[in-house]
Amino acid sequence: MRSFEETITQPLDIGHLRDCACPPNHLNCLDAKEWMKSQIGVWQFSYSSKDIRDKSLHPATFPVALARRVIELFTHSGQLVLDPFVGSGTTLVAAQELGRNAVGFDLKPEYVELARSRLADSDPGGARQLAICDDARSISGHLDPETVSLIFTSPPYANLLNRKRKNKSRRGDLRRNEQYLQVEQYSQDPRDLGVLELKAYAEEMASIFRTLVPLLRPRAHCVINVPDMWWEDQRITIHVALIERLRAVGYELRNIIIWDRTNIVNRVGIFGWPSNYITMGTTFEYLLDFWRPA
């Protein structure tokens, strides 16, 4: 594995041009009916047999269906998708299903191997999907400018997973499950954004995403999936911090989509009753949709 200080001089050999027959001004390959389904700003998804839900493999996965929706909405067949924090490889799996080229990066070798194993279980088709063990700070050395048509990722949540779980959102005896008092952080690698407090995390995210701007085509989208979280009875607004920082480094916020998770969250506990109203962070997350301005 390269250290993030190293300079990479050889870009990856991976396709990035559309291979569909869509008109040049079309954003994607969707028809009007499919477009309308995505136009509503609250999305729901269900898990499938291709999803990973075992937190011992990865602490914060998302459904393949979510990645499919984003990729279908913002790319054409044959174009290139980038996931700077690829984790278990869900973005790559969705790209493979849709005939998009894709590349994902992660610091942790175990996650990269997991992503590669998931890709090996499917028909590769004509497009390529690559999982690379490297630091997100090094991505600009891997790809040529203006070749990426979509950045889609679910990054670390600052250091908010780097603590013992109390499972306050679970009901009764369900709190003391296998996750109770466990630390579910991705790693303790000092390069990992998940060991940083929110201010330092947001600044580091801005630094990383600044280097990704030149890789995006003009008006190509960048979608970041994050929740807000509660810590010591305070709401930690990760999504606000990221909006501010990414705007400052050249991205334009286009949309905020709510990922409504209520259909996949079971037996939520009564949290804060009867005197302290708190919306449950486990029931929704944000999809922050930016683009590179023309």
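The values are calculated or read from the model by the stated rules, or taken from the named source; none is laboratory data. Bear in mind the structure is a predicted one, so any value in this text is a computation, not a measurement. Every residue, glycine as well, gets a Cβ built from its backbone with ideal geometry; the counts of neighbours run over all protein chains shown.
Figures for the structure shown
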{"quantity": "Yes/no for residue 293 being part of a loop (DSSP other than H, G, I, E, B) and touching an Asp or Glu at 6+ places or on another chain (Cβ under 8 Å)", "calculated": "yes"}
{"quantity": "Close pairs from the range 43-55: first farther than 23 Å from residue 289 by Cα, partner at pLDDT 80 or above and assigned to a loop (DSSP other than H, G, I, E, B), Cβ under 6 Å, at least 6 apart", "calculated": "51/63; 52/61; 52/88"}
{"quantity": "Residue within the range 226-234 that is free of Cβ contacts under 8 Å to residues at least 24 places away in the same chain and either outside any loop (DSSP other than H, G, I, E, B) or crowded, with 16+ Cβ neighbours inside 10 Å (or both) present", "calculated": "yes"}
{"quantity": "Contacts under 6 angstrom Cβ, first residue in the range 128-152 being touching a residue at least 60 places away in the same chain (Cβ under 8 Å) and among the aromatic types (Phe, Trp, Tyr), partner buried (at least 18 other Cβ atoms within 10 Å of the Cβ) and in a helix (DSSP H, G or I), 6 or more apart", "calculated": "152/70; 152/91"}
{"quantity": "Odd one out for residue 120, checked against (1) more than 21 Å from residue 43 (Cα to Cα); (2) of a type outside the set (Lys, Arg); (3) surrounded by 20 or more Cβ atoms within 10 Å (Cβ to Cβ)", "calculated": "(3)"}
{"quantity": "Qualifying residue in the range 107-130 (condition: closer than 21 Å to residue 147 by Cβ and in contact with a Phe, Trp or Tyr (Cβ under 7 Å, 6 or more places away or on another chain))", "calculated": "no"}
{"quantity": "Options 109, 145: the member that is touching a Pro at 6+ places or on another chain (Cβ under 6 Å) and surrounded by fewer than 19 Cβ atoms within 10 Å (Cβ to Cβ)", "calculated": "145"}
{"quantity": "Cβ-Cβ under 8 Å pairs, at least 6 apart or on other chains, the range 58-87 side closer than 25 Å to residue 158 by Cβ, far side buried (at least 22 other Cβ atoms within 10 Å of the Cβ) and among the charged types (D, E, K, R)", "calculated": "81/100; 85/106; 86/106; 87/106"}
{"quantity": "Residues within the range 63-106 that are closer than 22 Å to residue 135 by Cβ and in a loop (DSSP other than H, G, I, E, B), tallied", "calculated": "6"}
{"quantity": "Selection status of residue 290, touching a Cys at 6+ places or on another chain (Cβ under 7 Å) and touching a residue at least 60 places away in the same chain (Cβ under 8 Å)", "calculated": "yes"}
{"quantity": "Failed item, numbered, when residue 53 is tested on (1) at pLDDT 90 or above; (2) loosely packed, with under 15 Cβ neighbours inside 10 Å; (3) not polar (S, T, N, Q)", "calculated": "(1)"}
{"quantity": "Members of the range 215-260 that are among the polar types (S, T, N, Q), over 20 Å from residue 45 (Cβ atoms) and touching a helix residue (DSSP H, G or I) at 6+ places or on another chain (Cβ under 9 Å)", "calculated": "237"}
{"quantity": "Residue identified as in contact with a helix residue (DSSP H, G or I) (Cβ under 6 Å, 6 or more places away or on another chain), modelled with pLDDT under 95 and not in a helix (DSSP H, G or I) among 186, 201", "calculated": "186"}
{"quantity": "Selected residue (criterion: farthest from residue 155 (Cα to Cα)) from residues of the range 199-217 that are buried (at least 18 other Cβ atoms within 10 Å of the Cβ) and more than 17 Å from the chain's Cα centre (by Cα)", "calculated": "217"}
{"quantity": "Residue in the range 79-87 that is out of contact with any Pro (no Cβ under 8 Å at 6 or more places or on another chain) and either of a type in the set (D, E, K, R) or surrounded by fewer than 22 Cβ atoms within 10 Å (Cβ to Cβ) (or both) present", "calculated": "yes"}
